[in-house]
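Supplied in structure tokens, the structure appears directly below.
Only the coordinates and a few stated rules stand behind these numbers; no lab work does. Bear in mind the structure is a predicted one, so any value in this text is a computation, not a measurement. Cβ: placed from backbone, ideal geometry, glycine included. Neighbour counts: every protein chain shown.
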Amino acid sequence: QVQLVESGGGLVQAGGSLRLSCAASGRIFSVNVMDWHRQAPGKQRELVASIHSIGSTNYGDSVRGRFTISRDNAKNTVFLQMDSLKPEDTGVYYCRYSSPSTYNQYWGQGTQVTVSS
């Protein structure tokens, strides 16, 4: 019902920046949450940042102050500006869409972020 396409991942040196994008299409409800999670090999998937359609945001402790999440509701797109990247930020970043109206959640295929030391 909802498709998510991420872009913007890549290889960057420690201290550098990347900007991820996630475009949602399909049956999008106006009230929703879009967020970013990441997963490194051997570790569980963890929340990076989330943003509600009304604009409220939430960040994981490890990225607060370095990452900024934003969205364009008209385009159903969420962004993640990642600054001061650390090697510990390396992982596959997944975009998620969820709707309180349907209790459904949808995941993108993920985009690889690699931060070299």
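Using a simple charge model, +1 on the beta-carbon of Lys and Arg, -1 on the beta-carbon of Asp and Glu, nothing else, what dipole does the range 32-117 show about its Cα centre, in debye to the nearest 20?
80
Further question on the same structure: What is the P(r) of the range 17-80, as percent of Cα-Cα pairs per 5 Å bin from 0?
In whole percents, the pair-distance histogram is 4, 17, 28, 24, 16, 8, 3, 0.
In Å³ and rounded to a whole number, note down the convex hull volume per residue for the Cα atoms of the chain.
Details: hull volume 11.0 nm³, N = 117.
Hull volume normalised by residue count: 94 Å³.
Which distance in nm do the two modelled labels at Ala23 and Gln44 give, with both placed 7 Å along the Cα-to-Cβ direction?
Between Ala23 and Gln44, the simple spin-label model gives 3.4 nm.
Let me ask something else about it. Kindly work out what percent of the DSSP beta bridges joining two residues of the chain are antiparallel, to the nearest 5.
In the chain, DSSP labels about 90 percent of beta bridges as antiparallel.
Assuming a ≥ b ≥ c are the square roots of the Cα gyration tensor eigenvalues, decide whether the range 48-95 counts as rounded (a/c under 1.5), prolate (otherwise, with a/b larger than b/c) or oblate. The partial results should precede the final answer.
Details: a/c = 2.34, a/b = 1.77, b/c = 1.32.
Verdict is prolate for the range 48-95.
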